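Notes follow the structure.
The values are calculated or read from the model by the stated rules, or taken from the named source; none is laboratory data. Worth saying up front: this structure is predicted, and the values here are computed from it rather than measured. Cβ: placed from backbone, ideal geometry, glycine included. Neighbour counts: every protein chain shown. Accessible surface areas use protein heavy atoms only, side chains included; no ligands, DNA or RNA. Shrake-Rupley method; radii C 1.70, N 1.55, O 1.52, S 1.80 Å.
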Amino acid sequence: MKKNQKAEELRRVLIVGSGGRENSIAWALSKNQSIEQIYVCPGNGGTAKFEKCICLKPNSEDEKIIINECQRLAIDLVIIGPEDPLAEGLANKMREAGLTVFGPGKDGAQLEASKDWSKALMIENNIPTAKYWSAKSKEEALEILRRFNQPLVIKADGLAAGKGVTVCETIEESKEAIKDIFSGKFGSAGNKVILEEKIEGPEVSIFALCDGEKLIVLPPAQDHKRLLDGDNGPNTGGMGAYAPALLINEQDLKDLTELVLIPTLKGLKKKNINYIGVIYAGLMLTSSGPKVIEFNCRFGDPECQALMPLMGEEFASVLFACARGEIENAPKLTFNSACSACIVAASKGYPESPQKGEKIVINVESNSSLQIFHAGTTIDKFDNIITSGGRVLSVVAQGESFEKAFDLAYSNLKKINFNGMQFREDIGYQVRNI
């Protein structure tokens, strides 16, 4: 694809991934009138329910087949959704094959794939974050804990599907978290452990679309990591979200862009990394100022599901411009002024051992103000929608207030059922009267 190809020529898009994030991105892109076809590889049980969207069956790990399919289908833009293929270098291989890709290469994906690497980048570029230590053995980690003599946040260094973090309340709990990681609970992601000081405050997520040189900041969002109401239970990949987060205003977002996002992009450039894709910064608003908890190299899930309905029709063209390194030529990205609420319905046993294979009954259809975004679903031979993962689907709704948005989402969640379905009743408690 030529460097000066115009955004109007965006016709065929392929999205790599099978989760709720990819389902919501496909829905958002389908609003762009110039797009003729959206392929999602491998997609899920809800992919084909959206206009212009179809599944491509090759497994997302089968890189050669995907690249061949992209070339055969004359794909104009590839969007890589999940962190694993980004960390494994899929974007590099696609670019080498002449494809236009939105998603960082393997070098940039270290921002998420290694917490130690990411922390070092923050320190080098004066990006505020909690104090930390890294350890390559259980004994080394336990010795750090002994010296510090306080409960710490214990993190597996690598990718652990959002479950490799334990916020410990006691020293004993910190010890157990260290032992769990080095016992192989998270595979190679636990070859190194990060120990962080505990910091306090509300959390918020901010996202920037990057072309390697410049960035466009999206509305902030807030997700809910704990499984149970009241922010109790184990950490999950996320049980719900809402956007825009009211914790930070427009000026705060500008300040955070200067404090966090721009220094991050400059820090990556100093390492000769041409970062094209999403920079996701998970922040904690502490009494001493905002601090970065983590970076991700892709859209958050479920924050993405809450954000996508707020994107204007130009969203697809903006991603295309970013992928070509021409963000300055992108149309102005507009945002819906509504409040967006997202509630995740999960399988029984999630997050440790989700129950799969349950038939799902859905008595509601997606529309302009209510969306059903599938994640862990598939279609069986009888054309039934079946659970196939821990987080099964999200019900997302928009309204002129968060009360109305969440009322709409929760009332329609009652029209969906599968055996063992679990969800939180208090998503968005920060902005609702509950």
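Brief remarks on what is shown
- Any hit, the range 125-143, residues being in contact with a helix residue (DSSP H, G or I) (Cβ under 7 Å, 6 or more places away or on another chain), among the hydrophobic types (A, V, I, L, M, F, W, C) and part of a strand (DSSP E or B): yes
- For the range 59-96, a tally of residues being surrounded by 15 or more Cβ atoms within 10 Å (Cβ to Cβ) and either of a type in the set (D, E, K, R) or not in a helix (DSSP H, G or I) (or both) returns 17.
- Candidate set from the range 354-365 (those that are in a loop (DSSP other than H, G, I, E, B) and open to solvent by 80 Å² or more (accessible area, probe 1.4 Å)); member that is farthest from G420 (Cα to Cα): E365
- N32 being out of contact with any Leu (no Cβ under 7 Å at 6 or more places or on another chain) and modelled with pLDDT of 95 or more: no
- Residue pairs whose Cβ atoms lie under 8 Å apart, separated by 6 or more positions or on different chains, with the first residue in the range 410-426 and within 15 Å of S366 (Cα to Cα) and the second open to solvent by 70 Å² or more (accessible area, probe 1.4 Å) and among the charged types (D, E, K, R), are Y410/E425.
- Check on S347, over 24 Å from M94 (Cβ atoms), of a type in the set (S, T, Y), modelled with pLDDT of 95 or more and touching a strand residue (DSSP E or B) at 6+ places or on another chain (Cβ under 6 Å): yes
- Scanning the range 287-301 for residues that are touching a residue at least 24 places away in the same chain (Cβ under 8 Å) and not in a strand (DSSP E or B), we see that the one that is surrounded by the fewest Cβ atoms within 10 Å (Cβ to Cβ) is S287.
- Within the range 148-181, considering residues that are touching a Pro at 6+ places or on another chain (Cβ under 7 Å) and open to solvent by 20 Å² or more (accessible area, probe 1.4 Å), the one nearest to V292 (Cα to Cα): K163
- Test: residue in the range 108-120 that is more than 19 Å from I276 (Cα to Cα) and either more than 23 Å from the chain's Cα centre (by Cα) or without any contact (Cβ under 8 Å) to a residue 40 or more places away in the chain (or both): yes
- Yes/no for L408 being under 24 Å from the mean Cα position of the chain (by Cα), open to solvent by 30 Å² or more (accessible area, probe 1.4 Å) and farther than 21 Å from G17 by Cα: yes
- Helices (runs of 4 or more DSSP H) contained entirely in the range 168-275, each with at least 1 residues that are modelled with pLDDT under 90: 171-182
- Breaking point among (1) on the phi < 0 side of the Ramachandran plot; (2) touching a residue at least 60 places away in the same chain (Cβ under 8 Å), for R72: (2)
- Single residue of the range 28-58 satisfying the filter (open to solvent by 50 Å² or more (accessible area, probe 1.4 Å) and assigned to a loop (DSSP other than H, G, I, E, B)) that is nearest to A306 (Cα to Cα): K31
Residue-by-condition table, conditions (1) open to solvent by less than 10 Å² (accessible area, probe 1.4 Å); (2) in contact (Cβ under 8 Å) with a residue 60 or more places away in the chain:
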position	(1), (2)
S183	no, no
G187	no, no
L209	yes, yes
V217	no, no
D229	no, yes
N232	no, no
G240	yes, yes
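- Applying the set (1) of a type outside the set (D, E, K, R); (2) surrounded by fewer than 22 Cβ atoms within 10 Å (Cβ to Cβ); (3) modelled with pLDDT of 95 or more to G105 leaves exactly one unmet item: (2).
- In this structure, F423 does not qualify as open to solvent by less than 10 Å² (accessible area, probe 1.4 Å), out of contact with any helix residue (DSSP H, G or I) (no Cβ under 6 Å at 6 or more places or on another chain), modelled with pLDDT of 95 or more and not small (G, A, S).
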